[in-house]
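A short write-up of the structure that comes next.
The values are calculated or read from the model by the stated rules, or taken from the named source; none is laboratory data. Everything numeric in this text was worked out from a predicted model, so none of it was measured. Using ideal geometry, Cβ is built from the backbone for each residue, glycine included, and neighbour counts are taken over all protein chains shown. The area values use the complete protein model at the heavy-atom level, side chains included, leaving out ligands, DNA and RNA. Shrake-Rupley method; radii C 1.70, N 1.55, O 1.52, S 1.80 Å.
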Amino acid sequence: MNAPHPPDPRDRPARLTVGVVGAGRVGPVLAASLHLAGHRPVAVSGVSDASRRRAERMLPEVPVVSPEEVLARAELVLLTVPDDVLPGLVEGLADTGAVRPGQLIAHTSGRHGAKVLDPALRAGALPLALHPAMTFTGTPVDVQRLAGCSFGVTAPEELRLAAEALVIEMGGEPEWIEEAARPLYHAALALGANHLVTLVAEAMDLLRAAGVAAPDRMLGPLLGAALDNALRSGDAALTGPVARGDAGTVAAHLAELRVHAPGAVPGYLAMARRTADRALDRGLLRPELAEDLLDVLAGDTEGTTP
C-alpha cells in the first residue's frame, strides 16, 4: 500500500489572499511560508531586476504589480521595505486611499512597532508588526530556516492573537515586544548578528595575513563552540587573555594590529574594555590583574585611529 502524499496547499481553501510590497529578501519568503499554511499569495511589488527575479523564483505565477495594486488585491499585506522607508510608504499608501477598512497590514521592521502603521489604522486597517529574528538570503532555504525562528510581535492588544497565529503558521515562535521597547530590541539583535558578521570577517582577514590558508575552516569549530557556550552560559563562557587578565598578551595584540590592521584597533579596544567590565562584574577577572590590563587598554591612544 502506497504511503499517503502530503496535502497540496492548492487543494485547501485559502483563508487569506496575501500581497507583498517590497520583494527584497524577506517578503517573498514569508509569503511562500504563508502559502504552505494554506494562504494564497496574489500580488507582489518590486522595482529592481533582482527583486523581480526573486519574486519569480519564490512566488511563481504571482504577478508583479504596483504597491497600490498589491493592496487592492490582498487581504493581508506584508510591507517588507527598509526601516527608514517604511513611514513614508505607509503615509503614501494611506493618503492615496489604497488602504481598505478591515485589511491586515503587517510590516517586518525590527525597529518599528505598530505605531508606524497609524496612518493605515486611521484608514481602517488592522496593524501588525511581525519581525523575524533571522538573516535572509532570499532563497527557498529561508523557508526551512523559519522553523523555530523567533518573531518580535507588536500589535494592538485586540490583534495580539491574530498576529501570533500568523507567526505560528509561518513556523515561527512569537515573542511579544512592547511598542516602547522596539528600538532596544532591534539594537540587541543588530549588536549580536550584524556585528558578529563584521567580527568574523575581520578575524578571517587577519588569519589570512598570518598565513592561514583556510581561515573559515579554522574558525568554524572555535566560533561554533564559543557561540554555543555563550548561549548556554552567558558571561560564564568568557575565555581568553582579557578574561584572564593577560595584559602582556593584549599589548602584543594591539602592537600587531597597529602594524597589520590599524582599522581594527578601535574595535578591539572597545570589545576588550567591555569584556573586561563583564568579566570583572562576573568575578572571572581578578581585580589585581585587571589594573594592568585596563592600563593597557586605557593607554593605547596610538592605535585608536588608523
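Couple of notes before you dig in:
- Single residue of Val250, Val242 found to be in contact with a Ser or Thr (Cβ under 6 Å, 6 or more places away or on another chain) and not polar (S, T, N, Q): Val242
- Pairs are defined by a Cβ separation below 9 Å, a sequence spacing of at least 6 or placement on different chains, a first member in the range 175-197 that is under 29 Å from Leu219 (Cβ atoms), and a second member that is assigned to a strand (DSSP E or B) and open to solvent by 90 Å² or more (accessible area, probe 1.4 Å); the pairs so defined are Tyr185/Glu175.
- Filter result (loosely packed, with under 13 Cβ neighbours inside 10 Å and more than 18 Å from Ala201 (Cα to Cα)) within the range 256-285: Val259, Arg274, Asp281, Gly283
- Subset of the range 193-226 that is outside any helix (DSSP H, G or I) and not β-branched (Val, Ile, Thr) - its residue that is nearest to Pro262 (Cα to Cα): Ala210
- Residue match in the range 188-198 (condition: surrounded by fewer than 16 Cβ atoms within 10 Å (Cβ to Cβ), over 30 Å from Gly113 (Cβ atoms) and not charged (D, E, K, R)): no
- Among the residues of the range 84-101, those that are open to solvent by 40 Å² or more (accessible area, probe 1.4 Å) and either under 26 Å from the mean Cα position of the chain (by Cα) or farther than 22 Å from Leu166 by Cβ (or both) comprise Asp84, Val85, Pro87, Gly88, Glu91, Asp95, Thr96, Gly97.
- Criterion violated by Gly171 - all others in (1) assigned to a helix (DSSP H, G or I); (2) surrounded by 14 or more Cβ atoms within 10 Å (Cβ to Cβ) satisfied: (1)
- Residue satisfying all of: in the range 137-168; under 15 Å from the mean Cα position of the chain (by Cα) and closer than 18 Å to Ala106 by Cα; most open to solvent (accessible area, probe 1.4 Å) among these: Ser150
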